[in-house]
Amino acid sequence: MVNEQQIHVLVVDDDHQVCDLIQAFLKIGNSSIQCVQAFDTAQATFKIDNQHFDLIIIDKNLPGKSGLEFVKQLRRTMRHQRKKIILVSAALEREDVLFAVNHNIQEVLVKPFTFAQLMEKVKKTLPTEPI
């Protein structure tokens with residue numbers, strides 16, 4: 001990952017503690033990462049429409065629209081078809097993995113996860129060159 005340039009990450013999870021944990025892990029793992037949190041897909045939509053993000057880390061189960069529905073909606077727009085996404089869930093099923101593959105989700109992370117697991121997924125997902 002590039003350390004000189006800011007990397008903007010949107011973390012979407014309805015559990016505030018999980019958002020805080022992911023943000024803390026990312027900051028420890030790479031000081032150039034700037035995190036923004038959203039606690040549902042409505043907040044995430046607003047933030048994505050008004051800011052640039054290099055990576056979205058999104059929980060599968062969210063109030064209202066699920067993380068999967070949100071990704072499907074994102075992929076319908078040209079602007080977000082290639083957006084880097086990591087799907088997070090405590091209960092992944094085979095269908096979820098197939099969904100991830102079919103909707104160009106780069107990585108899937110199962111809760112509970114460790115610092116090392118999260119950072120491995122982030123390093124695999126983000127390009128080595130500035131975006």
Under the 7 Å Cα-to-Cβ spin-label approximation, Ala91 and Lys124 lie apart by a distance in nanometres of 2.4 nm
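Expected output is a single nm value to one decimal: the length gained when fully extending between Lys72 and Asp15, i.e. 0.36 nm times separation in residues minus the C-alpha distance. What is it? Present the calculation step by step, with values, prior to reporting the outcome.
Values: separation 57, 0.36 × 57 = 20.52 nm, distance 2.17 nm.
Computed gain between Lys72 and Asp15 is 18.3 nm.
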Place a point 7 Å from the Cα of Ser31 in the direction of its beta carbon; the residues of the stretch 4-22 whose amide N falls under 16 Å from it are 4-7
Heavy-atom accessible area of the chain with neighbours in place, 1.4 angstrom probe: carbon+sulfur share in percent works out to 52 percent
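The values are calculated or read from the model by the stated rules, or taken from the named source; none is laboratory data. Worth saying up front: this structure is predicted, and the values here are computed from it rather than measured. Here Cβ is always computed from backbone atoms with ideal geometry, including for glycine, and neighbour counts include all displayed protein chains. Surface accessibility is based on the protein's heavy atoms, side chains included, excluding ligands, DNA and RNA. Shrake-Rupley method; radii C 1.70, N 1.55, O 1.52, S 1.80 Å.
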